[in-house]
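Input: a single structure, listed below in structure tokens.
The values are calculated or read from the model by the stated rules, or taken from the named source; none is laboratory data. A quick note: this is a predicted structure, and the numbers were derived from the prediction, not measured. A quick note on method: Cβ atoms are made from the backbone with ideal geometry, for glycine too, and the neighbour counts reach across all protein chains shown.
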Amino acid sequence: MLNIGIVGAGNRGIRCYGLYIVKEKKDVARVSAISDPDKKRLEVAKKVLHLSDDKVFTDTEKMLKKAPLDAIIITSPDYTHRDIAISAFNKGLDVLCEKPLALTLADCDDILKAQKKAGKILCVGFVLRYNNFYRKMYEIVNVEKKIGRLILAGAIDSVSTGSQYFFHGWWRLRKNSGGLLVQKATHSVDILNWVIGSRAIRVYGEGGLAVFGKTESNTKRCSKCEIKNSCPEALLESNIQWDYGEGSVNIEVEDKCVFAKEIDVYDHEVLTIAYENKVKAFFVESQFTPDYKREFWFIGDKGRMYGIDPYIVSDRDKRKPYIEIVYRHTRKKEVIDVKLAPGGHGGGDPGVIEDFLSCCITRKNPLADGVAGRESIAICAGGEKSIETGKIINLR
Ligand SMILES: NC(=O)c1ccc[n+]([C@@H]2O[C@H](COP(=O)([O-])OP(=O)(O)OC[C@H]3O[C@@H](n4cnc5c(N)ncnc54)[C@H](O)[C@@H]3O)[C@@H](O)[C@H]2O)c1
């Protein structure tokens, strides 16, 4: 029986992983402790995860010292990941750390160093690797080799939920999230890295803040705002489109004004990336699109693959992902419908926790490991730096 500690009683900690362990994994694991400085969230955790008073902690270090744990799941805000992961490794625990692994490359390296010294498992919350749509794209390029030698690749993240949480909460400050390339794009950039099968050597970026931020007071809240009923950006519960499935737990979310002056993350970014294996890639992210989807292009010497994973489009339709391959010489087209597994992120949420728990038992390396977490941050944090400085960032 694995004793799991959860760090952060928020959406991911309770809704995604905590409830899954309690409901689906009770034969192999139990939630033995949870930490969060917010007592209101701990009350929710106690209720839905059936925890007694002695299993909840307002201080994470205290939990790591006192609770008898085998592993922890880090679902606290991004800026806390580094110190908590290192502390857990130093205490001999296995770690599932939500993405982004950390805010900077140096912090990722510190985590990997502590992991190596401890000889423990590190899994990163790259849930898309466990979703059948992304697995199929990986297989087409790397196992079936249908498009031949890969030469070009690209991805566009259209993020309608940008104004539903990123600009209303802690994510909107660079010191908390590292910027939205680090915070959000790290998923799709990881998919590029995985399918391309190489490490990036250079990144160049352009971007800015075009729609959000700039004018309003930092303390303004939607719930108390006089124009909340006419403002299209007001965060009212009825407007929220969760991109990882709704749970039965209602957790209060931050509703700060998306036009606050303090916002210092970009709302659109464009990257070009060069890889060691000579593949060249682009990445585009927009936080103000009407629809929520991820699109990918992979072009080889025998054909081109396009894949679209549209969770939610503007009319709130939930559509199915599909992959299209067109062969260069015959111009024949093949369309592949992908059947997603149940659960958040098209089955990716259950997938990552299943892999982590299984690796804790078998001691195998998870599919989404610490190196994958680091390589994605190399590009994303490098991209943020490139946008800021106007320079090409060399990553090796
Ligand atoms: N894999 C994915 O697809 C995915 C999706 C959403 C969020 N995330 C990541 O999951 C993490 C949590 O996101 P969320 O949406 O659940 O956020 P959230 O704000 O709902 O929850 C975070 C919780 O952590 C608590 N916290 C703050 N500091 C802490 C500390 N030092 N120790 C313990 N708890 C602390 C907060 O009080 C809050 O309850 C973030 O890193 C985020 O980037 C991943």
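Just one of the listed residues (R331, R374, R396) is away from the ligand (no atom under 15 Å from the Cβ), within 30 Å of D267 (Cα to Cα) and not in a helix (DSSP H, G or I), namely R396.
Here P342 meets the list (1) touching a residue at least 12 places away in the same chain (Cβ under 8 Å); (2) touching a helix residue (DSSP H, G or I) at 6+ places or on another chain (Cβ under 8 Å) almost entirely, failing just condition (1). The residue list F133, F89 contains one member that is under 18 Å from A368 (Cβ atoms), surrounded by 18 or more Cβ atoms within 10 Å (Cβ to Cβ) and in contact (Cβ under 8 Å) with a residue 60 or more places away in the chain, which is F133. Just one of the listed residues (D301, D291, D309) is at pLDDT below 95 and surrounded by fewer than 20 Cβ atoms within 10 Å (Cβ to Cβ), namely D291. Can I21 be described as aliphatic (A, V, I, L, M), within 10 Å of the ligand (Cβ to nearest atom) and modelled with pLDDT of 95 or more? Against the criterion (aliphatic (A, V, I, L, M), within 10 Å of the ligand (Cβ to nearest atom) and modelled with pLDDT of 95 or more), I21 does not qualify. Of the residues making up the stretch 52-100, those that are more than 13 Å from the ligand (Cβ to nearest atom), within 17 Å of K117 (Cα to Cα) and of a type in the set (G, A, S) are A71, G92. Candidates V28, V22: the one that is aliphatic (A, V, I, L, M) and free of Cβ contacts under 8 Å to residues at least 60 places away in the same chain is V22.
Examine the stretch 377-391 for a residue that is more than 16 Å from the ligand (Cβ to nearest atom), of a type in the set (K, R) and either at pLDDT below 95 or farther than 26 Å from L96 by Cβ (or both), and state whether such a residue exists. Yes; the residues of the stretch 377-391 include at least one that is more than 16 Å from the ligand (Cβ to nearest atom), of a type in the set (K, R) and either at pLDDT below 95 or farther than 26 Å from L96 by Cβ (or both). A count restricted to the stretch 137-187 and to residues that are within 11 Å of the ligand (Cβ to nearest atom) and either polar (S, T, N, Q) or assigned to a helix (DSSP H, G or I) (or both) stands at 11.
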